[in-house]
Amino acid sequence: MQHSNRRRFLPILYKLLISNLALVIIPIIVIGCYAYISSARSVEEHTRNNLEVAVSQIQSNVEYRVGEIIRSSDEIYQDQGLSTLLSGYYLDWEKYQVTTQYVMPRLESATNLPKSKIKLSLYLHAPTISEFYYNETEQSLIAGERQYEILHTSRIVDKAWYQNLRIGYDEMKWQQIENDAKYGYISLLRHAINYETFQSIGLIRASVKLKDIFEDVDFNQLGEGTKLFVLDQHEQLLYSSSPGGSLPYTAEELNESRDYLKISKPIHNIPVQIVALVPNASFKDNSQKVRNVTIIICVISILVMTLVSFIMARMFSSRLSKLVVSLEAFKEGELQRRIQYTGNDEFAIIAESFNEMASTTEQLIDEVYTSKLEKKEAELQILHSKINPHFLYNTFSSISRMAKLGEIDKLHEMIRALAKFYRLTLNKGEMLIQVEKELHIVRTYLDIQNIKYAERIHYQLEAEPETLGLETVKFILQPFVENVLEHAWYDDEIKIHIKVKKQAEHVHIEVHDNGLGMKQEIIDAIFTEGAGGIGYGIRNVDQRIKLHYGKDYGVSIRSEVGTGTVVTIVFPIKSPPSRQE
């Protein structure tokens with residue numbers, strides 16, 4: 001249950017990483033959101049200011065062109081000499097002279113003043129001066145040309161626009177009259193004054209194409225999607241920056257629309273206003289750019305801080321993992337494990353303390369292990385001392401019987417086998433031998449028993465070649481073979497098969513027999529210590545293997561009554577230490 005709980009724990013690496021990321025990501029997100037909101041507002045305000053400045057620049061350019069046209073009309077309106085000439089009475093030959101030499105040069109000079117091409121018309125109430133005019137064509141009206149003309153008021157006295165004209169002597173009025181609206185013109189109207197009587201002597205009309213006045217009204221200056229319009233005092237469309245342009249809303253709807261930002265600038269000296277309609281989407285585009293930049297910066301910051309946090313957490317957890325791995329290994333019996341740490345911090349103190357503890361523990365365990373091992377070996381020697389007399393007694397009885405029967409060859413073979421058996425078992429007092437020697441011992445023992453039982457023991461020793469030179473505890477097979485002969489044999493013959501093989505990092509020795517078999521309770525009693533235990537020799541082998549190689553190794557028994565028994569002995573792969581002969 002504890003092992004299952006341990007599997008579900010969260011490693012300290014992730015705990016450190018999560019806590020570090022929380023401390024990093026939360027401030028970055030908060031700062032990023034604040035930076036985005038403040039930057040978006042700043043960008044929006046900056047965009048509004050830029051638009052205001054751009055529209056103001058357009059306003060100034062338009063006012064300058066309007067001023068040029070007004071100055072052109074001032075050349076006629078303020079010229080007192082011209083006013084005197086226009087107010088006089090002349091004979092026919094004098095009219096021509098005054099018109100060609102004085103009036104027309106003044107009109108031509110006035111039309112050439114502005115940059116825009118204007119058409120200057122002078123209407124006179126009294127026919128003191130002869131008329132002078134051009135034949136207008138549709139092409140000339142569309143193209144717009146510099147022209148000047150002298151006409152009599154009688155031509156327009158019946159016109160509605162003239163009858164409804166209400167301006168003072170010192171006032172001026174911009175109005176679309178005649179064909180102005182059709183061909184995109186607008187006219188500046190003002191009186192021509194007799195400065196002696198301060199009476200009107202006529203009407204000055206300066207006509208100019210709206211395109212020439214508002215040619216600087218370029219929607220490209222204010223960004224994509226922006227619309228620029230010129231509206232009159234009745235908020236009717238006079239001019240649009242794009243061909244065929246039209247207002248997206250009526251004036252009332254425009255004031256309530258949330259789709260556009262409206263910037264209006266009135267033009268002085270002309271009753272019109274410039275209206276810029278900037279789509280709110282353009283502000284969102286700028287905000288989205290700020291948002292994208294903010295997100296990119298935040299993501300990069302998070303990635304960099306995540307990498308730094310991971311490196312720091314990994315550095316800390318790796319040091320801690322050294323201690324954990326060493327403790328786990330120490331718990332599993334690797335008493336020689338030590339922590340190698342070169343730092344100069346708390347972990348160095350922990351590593352040093354662990355190493356001292358491990359050394360002390362290893363020393364104590366070695367002492368206990370040595371004493372226990374000596375005790376077990378002493379028990380083994382006692383067991384040998386008990387086994388050997390009994391084994392010798394039975395063997396000598398067999399030898400005596402063979403001598404009486406005159407079986408000299410068998411007698412000779414048994415004595416040689418007995419001598420070989422004791423030479424192998426003594427083995428200079430060593431407790432760890434090669435697998436090959438252990439197989440020789442059990443083969444010699446079986447040979448002696450086979451002579452005794454008249455070849456009724458059929459055995460087979462099978463070992464993988466690479467296992468023969470490996471290390472094993474001495475005298476671990478003979479107790480199992482003896483157990484088979486004493487307790488499992490119930491027929492005329494008995495078969496014993498011993499196999500030695502490698503599996504992964506272990507050596508497996510299996511002892512098979514076709515004997516009587518055992519119940520599970522008998523197997524359990526064999527491995528039970530104390531009063532209820534049986535089979536001391538088998539249990540002693542299991543304990544000696546565990547004492548030498550650890551609790552993961554030892555003896556296991558698998559058996560079925562009437563079928564036979566399989567004993568498996570497991571110990572690690574080790575090479576025996578080299579010894580001087």
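The values are calculated or read from the model by the stated rules, or taken from the named source; none is laboratory data. Treat the numbers as computed from the prediction; the structure is a model and nothing was measured. Note that each Cβ is placed from the backbone with ideal geometry, even for glycine, and that neighbours are counted across all protein chains shown.
A few comments on the model shown:
- Residue in the stretch 459-474 that is closer than 22 Å to ILE399 by Cα and in a helix (DSSP H, G or I) present: no
- For the stretch 497-514, a residue qualifies if it is without any contact (Cβ under 8 Å) to a residue 60 or more places away in the chain and farther than 20 Å from ASP542 by Cβ, and the qualifying residues are HIS497, ALA504, ASN514.
- Residue count for the stretch 560-577 under the criterion of being of a type outside the set (Gly, Ala, Ser), more than 58 Å from the chain's Cα centre (by Cα) and not in a strand (DSSP E or B): the result is 2.
- Qualifying residues in the stretch 449-473 (those that are among the hydrophobic types (A, V, I, L, M, F, W, C) and at pLDDT below 85) - the one nearest to VAL570 (Cα to Cα): ILE451
- Any chance ARG205 is within 19 Å of ALA110 (Cα to Cα), in the same structural domain as LEU86 (by TED's automatic domain parsing) and more than 60 Å from the chain's Cα centre (by Cα): yes
- Qualifying residue in the stretch 500-518 (condition: surrounded by 18 or more Cβ atoms within 10 Å (Cβ to Cβ) and either part of a helix (DSSP H, G or I) or of a type in the set (Ser, Thr, Tyr) (or both)): no
- Selection count where residues are touching a strand residue (DSSP E or B) at 6+ places or on another chain (Cβ under 7 Å) and more than 15 Å from ARG205 (Cα to Cα), scope the stretch 154-187: 1
- Annotation: of all residues in the stretch 241-264 being buried (at least 18 other Cβ atoms within 10 Å of the Cβ) and under 23 Å from SER60 (Cα atoms), the one that is modelled with the lowest pLDDT is SER241.
- Matching residues in the stretch 96-151 - criterion: being basic (Lys, Arg) and assigned to a helix (DSSP H, G or I): ARG106
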